[in-house]
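These notes are about the structure you will find just below.
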Amino acid sequence: MKRLAVSACIATLLLASGSAFAQTATPPMPQTIPAVVDQPWPGVVRLEVDATDLNRRIYQVRETIPVERAGPMTLFFPQWLPGNHGPVGPISQLAGLIITADGQRVEWVRDTLSPYAYHIVVPAGATQIVAQFQHLSPTVGNQGRITMTAEMLNIQWEKMLLYPAGRHHRNITTQAVVTLPDDWSFGTALETESTAGAVTTFKPVALDVLVDSPMFAGEHYRQYDLDPGGRSPVRLNIVADEPASIAPTDEQLGILRELVDQADRLFGARHYDHYDFLVAMTDRLGGIGLEHHRSSENSVDPGFFTEWESKLGDRDLLAHEYTHSWDGKYRRPADQDVANYNVPLQNSLLWVYEGQTQFWGKVLAARSGLHSRQQALDALAMDAASYDNTVGREWRAMQDTTNDPIISQRRPIGWRSWQRSEDYYVEGQLIWLDADTLIREGTNGRKSLDDFARAFYGVEDGEYDQNPYTFDTVVQTLNGVMEYDWATFLRTRLDGHGPGAPLDGLARGGWRLVYTDTPSDYQKTLYGEYGRNDFTYSLGIVTGGDNTIGSVLWNSPAFEHELAIGMQIIAVNGVAASARNLAAAVTAAKGTDAPIELIAKDGQRYRTVSFDYHDGLKYPHLERIEGTPDRLGDLFTARRR
């Protein structure tokens, strides 16, 4: 009876207001997303971005899009972002969307199954539509990555545009126009068509080239030539929170120029007509390291140059992202060669795309002088130890971690060593080290993975169009360097479950992983920069400056005592907690029966934990295997003509 009464009330309201509904109701909108066809979109899309609202961190966007015909049309907001490897387009940061045609409003309806698609009906006689909206940069870190501050900004075009569905991104010609604050300068791989005051108009390019050409701009800006007299310009574009940070010495610039030279010697070809390192020296703009074909986005510590010896955390970032011009951009996995930014990417070959880039980034950092030889060895020891203690491989193969950008989208996790997270980067590096030393051993030093790099990435010098590859392509190229059962070699390491990480490359390279009671100088400096205190290989924890636990190793003593991330150590053996006191307690208990007693705070609860651990402090190092070739030493040595 109650349901009937409610229905009767609704019917009465509908009858009473029927004429109003008839006047204001929007006709049903088509919900069909057109299939992709490989033909040009008519005209040029004009994307105008006003980036002057620094206080509120708001980008104002006006986009003029030519239309093919009257009737149904679908617009996409980019969802699957290159270099992010997942469906992470920040559509929630688009707001205020109003679409018009000839000054009249055109209503839009979001697709209910594909919410990155907007359906409209183009009115008769219209030749273009105008979309106006805002891109809202986060104002604090928990909203997302901050892309605008009072001193600088980072324009990523894909986060502030819509594009017509049904076309390859290469078929949509787009012209970007940006208005910056007065007296700001910028760096980008885009080429300028004209400048009028604070307004810069760039030359029209295909949509995929625009998206691949972000901008760093700022009040404090400087540009340096990293390849004087070279055959294609390579530029270092720096923006900074403070002008004093932009102070590279001649020696530091020489190291970065050596990076460019060593990459040339390694790959033997360039697949760009110019390249721009975009570098933000900041602790205010959101952190980033993102590859592009003719540029890269790099966020480093403000003391990158001025505190060179003590700031190691960002030291190999530029080498990694520069390598991506060859690995990931020119050569990219075939299952990532998709039509546009709303076709799902597949990540099955990220152990090449990112894993080999991790390998070459570390190698080029050493060959150029960004890392010393000892720093390169110490960094490798830390990587080897971390992945040798990743017990999650018992249930989860490394290959499966290539799905992590889609599964977890880089959100924090609680049990890194058990859950695993994008291990194709560093474990991929270890696999490629294994391959390198195997080739060196099998050819008596005549060949190495350098030969693979030249054969795989160094083809078609000067060619810019992407060159996709498959697993079989990788295997065939390796066999061209040295005949071997490379398919089995790779699949065993990608799909296996250990025990331990693939560390044969260390032994074949003339080194072994060992643990001592003293961290390396590299680790001390790095963890001092990060504010970390490492007890991973003893008690199984890493703590921060306030003694809060930042990680717990699965199956470690700390794990067995039910400690977890976020708990805080209050006392050690009855004394106020500190990293020094904890290290002293672990050292004092070595070889004795004395327990290590901690008081841990978990929210409002306190409990005492007594460790029966007596093996002392443990930190990873590499130790030479006497009487064996030092193949790692050769790997990290600069190449000369």
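The values are calculated or read from the model by the stated rules, or taken from the named source; none is laboratory data. The shown structure was predicted, so the numbers you read here are calculated from the model rather than taken from an experiment. Using ideal geometry, Cβ is built from the backbone for each residue, glycine included, and neighbour counts are taken over all protein chains shown. Side chains included, ligands, DNA and RNA excluded: accessible areas come from the protein's heavy atoms. Shrake-Rupley method; radii C 1.70, N 1.55, O 1.52, S 1.80 Å.
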Kirkwood-Stokes translational diffusion coefficient of segment 340-379, alpha-carbon pairs, 25 °C, 0.890 mPa s, µm²/s
206
For Gln346 and Arg410 in the same chain, what is the full-extension length gain: residue separation times 0.36 nm, less their Cα-Cα distance, in nm?
21.4 nm
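If you count only protein heavy atoms with a 1.4 Å probe, what accessible area per residue comes out for segment 435-475, rounded to a whole Å²?
Using a 1.4 Å probe on heavy atoms only, each residue of segment 435-475 averages 45 Å².
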Chymotrypsin sites (Phe, Trp or Tyr not before Pro) within segment 338-444: which are DSSP loop residues with at most 11 other Cβ atoms inside 10 Å?
Trp395
Vicinal HN-Hα couplings computed from phi for segment 473-484 (Karplus, 6.51 cos²θ - 1.76 cosθ + 1.60; Hz; Gly/Pro x)
4, 4, 4, 4, 5, 4, 5, x, 8, 7, 5, 6
Simple spin-label estimate for Ser114/Arg454, 7 Å along Cα→Cβ, in nm, reads 4.5
Stretched out fully, how many nm does the piece from Glu394 to Asn84 gain, at 0.36 nm a residue minus the Cα gap?
108.9 nm
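Net charge near Glu297: determine it from the other residues with C-beta under 9 Å of the C-beta of Glu297, scoring Lys and Arg +1 and Asp and Glu -1. Could the numbers behind the result be given before it?
Details: positive: none; negative: Glu291, Glu321.
Value of the local net charge: -2.
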Accessible area (Å², per residue) of segment 227-336, counting only protein heavy atoms and a probe of 1.4 Å
28
Assuming 1.306 mPa s and 10 °C, estimate D for segment 434-519 with Stokes-Einstein, Rh taken as the Kirkwood radius over Cα pairs, in µm²/s.
106
Looking only at aspartates and glutamates whose Cα falls under 15 Å of Lys601's and that sit 8 or more positions away or on another chain, we get Asp546, Glu562
Taking a ≥ b ≥ c as the square roots of the eigenvalues of the Cα gyration tensor, with a/c under 1.5 meaning rounded and otherwise prolate when a/b exceeds b/c and oblate if not, segment 511-566 is oblate
If the cut-off is 30 Å between C-alpha atoms, which lysines fall inside it for Lys329, apart from same-chain ones fewer than 8 positions away?
Lys159, Lys203, Lys311, Lys362, Lys447
Carbon and sulfur atoms: what percent of the 1.4 Å accessible area of the chain do they account for?
50
Counting only residues 5 or more places away or on other chains, whose amide H sits under 5 Å from the amide H of Val106 once H atoms are built in the peptide plane?
Ile99, Thr100, Ala101
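When Lys and Arg each count +1 and Asp and Glu each count -1, what net charge do the other residues less than 10 Å away from Tyr275, Cβ to Cβ, add up to? Intermediate values should be presented prior to the final figure.
Working: positive: Arg235, Arg270, Arg294; negative: Asp227, Asp273, Asp276.
Net of charged neighbours comes to 0.
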From the C-alpha coordinates alone, can you work out the Kirkwood hydrodynamic radius of segment 132-274, in Å?
17.4
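Output the direction-averaged projected area (hull surface divided by four) of the convex hull of the alpha-carbon atoms of segment 302-434, in nm².
Dividing the Cα hull surface by four gives the mean projection, 9.6 nm².
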Please give, to one decimal in nm, the separation of the simple spin-label points placed at Asp615 and Val575, each 7 Å out from Cα toward the Cβ.
2.5
What is the Cα centroid distance between segment 608-641 and segment 498-512, reported in whole angstrom?
11
Computed FRET efficiency, Cβ-Cβ of Lys590 and Arg69, R0 51 Å: what is it to the nearest 0.05?
0.05
For the pair Asp602/Thr32, report the inter-label distance in nm, with labels modelled 7 Å from Cα in the Cβ direction.
5.8
Which of Tyr457, His169, Leu380 sits farthest toward the positive end of the charge dipole of the chain, with +1 on the Cβ of Lys and Arg and -1 on the Cβ of Asp and Glu?
His169
Angle in degrees between helix 2-16 and the longest Cα principal axis of the chain, rounded to the nearest 10
50
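Rg to Rh for the chain: what is it, with Cα atoms only and Rh by Kirkwood? Don't jump to the answer; show the numbers that get you there.
Working: Rg = 27.9 Å, Rh = 27.4 Å.
Checking Rg against Rh, the ratio lands at 1.02.
Can you tell me what the convex hull of the Cα atoms of segment 512-641 projects to on average, as an area in nm²?
On the way: hull surface 42.0 nm².
Average of the hull's projected areas for segment 512-641 equals 10.5 nm².
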Using the Cα atoms of segment 156-221 to build a convex hull, what is its mean projected area in square nanometres?
4.5
Nearest 10, in degrees from 0 to 90: the angle of helix 373-388 to the longest Cα principal axis of the chain is 80
In sequence order, what are the phi-derived ³J(HN,Hα) couplings for segment 88-100 according to the Karplus relation 6.51 cos²θ - 1.76 cosθ + 1.60 with θ = phi - 60°, rounded to whole Hz, with x for glycine and proline?
10, x, x, 5, 5, 8, 8, 9, x, 5, 10, 10, 10
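How much area per residue is accessible in segment 507-641 when the probe is 1.4 Å and only protein heavy atoms are counted (Å²)? Intermediate values should be presented prior to the final figure.
Values: 6820 Å² over 135 residues.
About 51 Å² of surface per residue is accessible.
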For the pair Ser372 and Tyr515, what calculated FRET efficiency results from E = 1/(1 + (r/R0)^6), where r is the Cβ-Cβ distance and R0 = 30 Å, to the nearest 0.05?
0.85
Where does the Debye-calculated log10 I(q)/I(0) of segment 219-370 sit at q = 0.10, 0.15, 0.18, 0.21 Å⁻¹, using only Cα point scatterers of equal weight, no solvent?
-0.36, -0.79, -1.10, -1.40
